[in-house]
Amino acid sequence: MESILVLTHVDDSGGALAKTSLEAVTAALNLAKRLSAPLSIGVIGGNAAVARQLAQTGARLLAISGEAFAQARYSSDAAACEALCRTAEGSIVIVPGCTRFARVAAGVAFRLGGVIDTHITAIGGTENVEASRWFYRQRLEAVVERDVRPWFLLVDPGTHPAYETAPSQADPSTAAVEHIAVELPQQRTTVTGVRSPALNGETIRPEAKLLFVAGAGWTKKQPDGQVHSSDAAQLILNFLRGSGASLGSSKSLVDQKSENQGAGENQQVLPFLTHLNQIGQTGATPRHLKGLSTCCYGEEPHVVGWRFISERRAISLDPNCGWARGKADVVYVADAFQVIAELNKLQDPGPGFGIPFEE
Ligand SMILES: Cc1cc2nc3c(=O)[nH]c(=O)nc-3n(C[C@H](O)[C@H](O)[C@H](O)COP(=O)(O)OP(=O)(O)OC[C@H]3O[C@@H](n4cnc5c(N)ncnc54)[C@H](O)[C@@H]3O)c2cc1C
């Protein structure tokens, strides 16, 4: 009989479990229920009391806590995960595919003589465990079964709803949490802090409901025969500011570089775009509820980049664009400059609106 273990960690606030961890808890609960298998949940972090928030799951709760485990670091995280796996003896180990655990999961699987599959998007099966993942840049879906145990499944963020901790329904202080002691190897890495870009400069927002996709049309000659790149930049940034959308881009648009940026197509560019914004076959396939593509023709952004978007709309001047027509639920054959300007007026929160843009 299988025994399920899910590995989780405390978030940066120190007072709750990370969202990706709660998503993995949902996946583990569903699997344990289907297989009628015992479930253990391991929690790693500075404050192990957070584990009590999972009292309602009915799972065996294991915690590893202390200052050394408050920060992500390979040696301490790998040692903690290994200790949890050895204590719980899980045959199926479900791990959130966050940066913290993605770094250590393969190493931990190796230490335990197990195997690992990454980018899992669904876990099915009632007799056996069947893990689904996508291959060839999200074009083919495969269902994987394995005999080797322990089998580590690194679950992609956003593929499961986050488990809702409900402290009001039970007294979490009564939950029994087993504290596991870990003897750490000598630490060579000291975490001194985290540096991250200023929030108002961020255009990639994984939690946003809407993905706004900008295509190369924004920097092409418009019906008046002129290029309007700085207008495009201002319209897009204002739209992002007003809607809270995340910004994706086609490859053609991010590949454009201005003369002083070295090799490139020497076209006018949108300076806030980087290759991290690119979606598609050689870019990302983000998970958002809705998608709006603008000035975009390509197959890859519409077919592969939108793979996990539920509701899709496109604004294109080209009524014959097969990709927009084939892949969007609604296509507006219209000038995106005009449509986005109108939308920005509707969501204009008043004076001071908009992100200043210097060309
Ligand atoms: C191996 C390989 C991998 C690739 N990987 C990717 C990938 O990961 N992601 C990706 O995006 N591409 C990828 N591509 C490139 C892809 O095939 C397309 O060339 C690219 O996506 C086209 O970009 P685009 O749609 O932004 O630009 P274009 O093809 O130039 O289309 C611009 C569109 O904007 C419209 N337009 C112009 N002005 C307006 C306006 N005012 N209002 C509304 N519409 C307007 C035009 O009518 C046109 O339809 C890949 C290609 C190859 C060969």
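The values are calculated or read from the model by the stated rules, or taken from the named source; none is laboratory data. What you see is a predicted model; the values in this text were computed from it and never measured. Backbone-built Cβ (ideal geometry, glycine too); neighbour counts: all protein chains shown. SASA here: full protein model, heavy atoms, side chains in, ligands and nucleic acids out. Shrake-Rupley method; radii C 1.70, N 1.55, O 1.52, S 1.80 Å.
The table that follows gives values for the structure above.
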item	result
Carbon + sulfur, % of accessible area of the chain - ligands and nucleic acids excluded, 1.4 Å	50
Within a Gaussian network of the chain (alpha carbon springs, distance under 10 Å), most fluctuating of 143, 303, 93	143
Residue order for 302, 160, 179 - accessible surface, 1.4 angstrom probe, largest first	179, 160, 302
³J(HN,Hα) computed for each position of segment 80-88 - Karplus, 6.51 cos²θ - 1.76 cosθ + 1.60, integer Hz, glycine/proline x	5, 4, 4, 4, 5, 5, 5, 6, 7
For segment 41-55 versus segment 97-160, the gap between their alpha-carbon centres in whole angstrom	23
√(5λ) per eigenvalue of the Cα gyration tensor, segment 8-103, largest first, Å	20, 14, 12
Electrostatic dipole magnitude of the chain [Cβ: Lys, Arg +1; Asp, Glu -1; Cα centre; debye, to 20]	260
For the chain, built as a Gaussian network whose Cα springs stay under 10 Å, the top-fluctuating residue of 96, 185, 301	185
Where 220, 33 fall by accessible area, highest first, once all protein chains stay in place (1.4 Å)	33, 220
Pairwise centroid distance, computed over Cα atoms, of segment 1-36 with segment 280-332, Å	33
Residue 146 paired with residue 122, simple spin-label distance in nm, labels 7 Å along Cα-to-beta-carbon	2.1
Extension gain from residue 276 to residue 190, taking 0.36 nm per residue of separation minus the Cα-Cα distance	28.1 nm
Probe 1.4 Å, accessible area per residue of the chain, Å²	50
